[in-house]
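**Student:** I have a structure here, written as C-alpha cells, and I will follow up with some questions on it.
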Amino acid sequence: FQRFPALQNLAGRNVMITAGPTREPLDPVRYISNHSSGKMGFAIAKAASAAGANVTLVAGPVSLSTPANCSRIDVVTADDMLSACEKLTPSTDIFISTAAVADYKASTIADNKIKKTGDELTLTFIKNPDILAKISGRPDRPFCVGFAAESQHVEDYARSKLVKKKLDMIAANDITVDGLGFNSDKNALHVIWKDGDKRFPATSKNELAEQLVALIAERFALSNK
Ligand code: CTP
Ligand code: CA
C-alpha cells in the first residue's frame, strides 16, 4: 500500500472480472472466437486480490492458472458469461470487464458436423448480449469499468463506449501498436472517465494491472458506492 495508498479502498470489497475470449459453437466440432489470452484480466485479478478484495474471475477458455485467493467460474459462450455475471452482480461492488466477448453467435448451431460441399459457405450470425451494458444498466449496478481495444479513433470510440454503456471508467488500448495487447505480455492504456483521464505507457501487464487497479480504487472511493 505504500506505493498506492488508494488500494486500501479495496479491502473486503467484492470484485467481479470477466476475462479471456468467449467461444461460440457453429456445430459439434467448430466455433468462432477472438484472439484473447486473458492475461490482462488475470493480472488485474491478482492485483485486486493482493489489495484485499474478494475477487471472482468469470473466465472464457484460457490457459492460465487462477491467481492466489481468487475464485473462478469457467464459461464458454457469451450467454454463459452473462448468466454467471448476473448471478454475481447483487454481491458485487466493482465489475471490471476485460473479456473479448464474441459480438455475434451462430443463429442456429448445427446438430451435426457441417459437411464440405460448395465452394462457398454462408453462415448467419445474431448479436450476443452486451454483458457490460446489461450489468451497468441494472438498478443494483456495481462500479463498472470497461475496456476498449481499438484499431483507429481510439479515444473517440472509447469515449462513446463510456457514455453508451454508462460506465464509470474505460481503459482503451491501440491494437495497432507493435508488440502490445492481445497475446503479448505488455500493454499500454489510456483510461478515461467522465471528468478526467490518465495515460499509462507501455509496460508489463502485471505492472499495468497494479497501476490500473490503484486508479480504479481511487475513483471507486470517490463514487460513494
Ligand atoms: N463487452 C461485453 N459484452 C459484449 C461486448 C463487449 O461485456 N457482448 C464489453 C467488453 O468486455 C469491453 C467493452 O464491452 O469491456 C467494450 O467491448 P468492445 O468489443 O470494445 O465494444 P463493442 O460494444 O462490442 O463494440 P465494437 O466491437 O463494435 O467496437
Ligand atoms: Ca466487440
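Values in this text are rule-based calculations from the coordinates and carry no lab data. Remember, it's a predicted structure, so these values are computed and weren't measured experimentally. All Cβ positions, glycine included, derive from the backbone under ideal geometry; neighbour counts span all protein chains shown.
**Student:** Using the Cα centre as the reference, give the magnitude of the dipole from point charges on the C-beta atoms of region 1-104 (Lys, Arg: +1; Asp, Glu: -1; all else neutral), rounded to the nearest 20 debye.
**Tutor:** With Lys and Arg at +1 and Asp and Glu at -1, about 500 debye.
**Student:** Among Pro25, Val75, Thr176, pick out the residue whose Cα is farthest towards the positive end of the charge dipole of the chain, where Lys and Arg carry +1 and Asp and Glu carry -1 on C-beta, about the Cα centre.
**Tutor:** After comparing all options, I get Val75.
**Student:** Still on this model: Between 0 and 90 degrees, rounded to the nearest ten: what's the tilt of helix 39-50 against the longest Cα principal axis of the chain?
**Tutor:** 30
**Student:** Using Cα positions and a limit of under 30 Å, work out the lysines in reach of Lys113, with same-chain residues fewer than 8 apart set aside.
**Tutor:** The reachable lysines, counting only those whose Cα sits under 30 Å from Lys113, are Lys105, Lys127.
**Student:** Evaluate E = 1/(1 + (r/R0)^6) for Asn112 and Ile175, where r is the Cβ-Cβ distance and R0 equals 41 Å; express this FRET efficiency to the nearest 0.05.
**Tutor:** 0.65
**Student:** Another one. Who wins for biggest fluctuation among Ile114, Ile96, Ile175 in a Gaussian network model of the chain, springs between alpha carbons below 10 Å?
**Tutor:** Its mean-square fluctuation being the largest, the pick is Ile114.
**Student:** Under a crude label model (7 Å from the Cα following the beta-carbon direction), how far is Ser33 from Asn69 in nanometres?
**Tutor:** With each label point 7 Å from Cα toward Cβ, the separation is 3.1 nm.
**Student:** Could you check which residue among Val76, Val145, Val213 shows the biggest mean-square fluctuation in a GNM of the chain with a 10 Å Cα cutoff?
**Tutor:** Val76
**Student:** Given the options Lys116, Lys127, Lys186, state which has the largest fluctuation in a GNM of the chain using a 10 Å cut-off (strictly under) for Cα springs.
**Tutor:** The residue with the greatest mean-square fluctuation here is Lys116.
**Student:** Any lysines with Cα under 28 Å of the Lys198 Cα? List them, leaving off those in the same chain fewer than 8 positions away.
**Tutor:** Partners within reach: Lys39, Lys46, Lys134, Lys161, Lys164, Lys165, Lys166, Lys186, Lys225.
**Student:** Using modelled backbone amide H atoms (1.01 Å from N, in-plane), which distant-in-sequence or interchain residues come within less than 5 Å of Asn54's amide H?
**Tutor:** For Asn54, whose amide H was placed from the backbone, the distant partners under 5 Å are Gly12, Arg13, Asn14, Val15.
**Student:** Which log10 I(q)/I(0) values, to two decimals, does the chain give at q = 0.15, 0.16 Å⁻¹ under the Debye formula with one point per Cα?
**Tutor:** At q = 0.15, 0.16 Å⁻¹ the computed log10 ratios are -0.96, -1.09.
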